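S.K.: Encoded as structure tokens, here's the structure I'll be asking about.
The values are calculated or read from the model by the stated rules, or taken from the named source; none is laboratory data. Just so it is clear, the structure is predicted and the values come from calculations on it, not from any experiment. Cβ placement follows ideal geometry from the backbone for every residue including glycine, while neighbour counts extend to all protein chains displayed.
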């Protein structure tokens, strides 16, 4: 019995680290991708990576060595490969020589801080999977002075658009006369999770910075800068995912 795993052609290109699945779909539908010497235009065609030959414009696509990067994303940058409004994207911050990598999850335009990028699609999927319960720490400046009542409400969560938005933990970092900084940890990531929760509690978000993903800390990485993960940093995240 043949138990060899198969996957769709578009996903195969992503797993090889060549491009994103959405970019692969375009290449395939444009007739630029061949399998075992034959042009294939169906992105969902079954592929066995261990034995099928995949080519682009007649040249073989080789598996790219895995790349794991961390970026300190500035506010005002969008986390997409291209933007229909012409806004600056995280790809504008990468050097031209950087091989293709994709963002692991997203930080919206107004948010900043730690963003991972990789060409390892399986690793990215593991981190993004809510079942992994990988902690993500955020520091949030809000437009009011936080008190015990507000902290309790944030901790209790709220139902927004039919779904419960909860946090794993919340604490007060510091407060001034008109605003405060909160530390919020999530172990699941819904779309604009923190912003939607605080908006439901009538709390204005002034700044939102992701500080850590699992054991990985943003540290002193300069805003807009990118660097490879160190071996122990990658292994630290892997240990949490495997646990």
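S.K.: Can you list the strands (runs of 3 or more DSSP E) found entirely within the stretch 15-110 that contain at least 1 residues being out of contact with any helix residue (DSSP H, G or I) (no Cβ under 9 Å at 6 or more places or on another chain) and either in the same structural domain as residue 190 (by TED's automatic domain parsing) or within 17 Å of residue 226 (Cβ to Cβ) (or both)?
M.R.: Here the list reads 68-73.
S.K.: Taking strands (runs of 3 or more DSSP E) that do not extend beyond the stretch 114-208, which have at least 2 residues that are touching a strand residue (DSSP E or B) at 6+ places or on another chain (Cβ under 6 Å)? Please lay out each step first, then the result.
M.R.: Numbers: elements: 136-142, 158-160, 163-165, 169-175, 180-186.
In the stretch 114-208, 136-142, 169-175, 180-186 are the strands (runs of 3 or more DSSP E) which contain 2 or more residues that are touching a strand residue (DSSP E or B) at 6+ places or on another chain (Cβ under 6 Å).
S.K.: Among 165, 150, 229, 198, which is at pLDDT 95 or above, surrounded by 17 or more Cβ atoms within 10 Å (Cβ to Cβ), in contact with a helix residue (DSSP H, G or I) (Cβ under 9 Å, 6 or more places away or on another chain) and more than 30 Å from residue 96 (Cβ to Cβ)? Lay out the reasoning, then the answer.
M.R.: Values: 165 fails: at pLDDT 95 or above; 150 fails: in contact with a helix residue (DSSP H, G or I) (Cβ under 9 Å, 6 or more places away or on another chain); 229 fails: more than 30 Å from residue 96 (Cβ to Cβ).
Testing whether each residue is at pLDDT 95 or above, surrounded by 17 or more Cβ atoms within 10 Å (Cβ to Cβ), in contact with a helix residue (DSSP H, G or I) (Cβ under 9 Å, 6 or more places away or on another chain) and more than 30 Å from residue 96 (Cβ to Cβ) leaves just 198.
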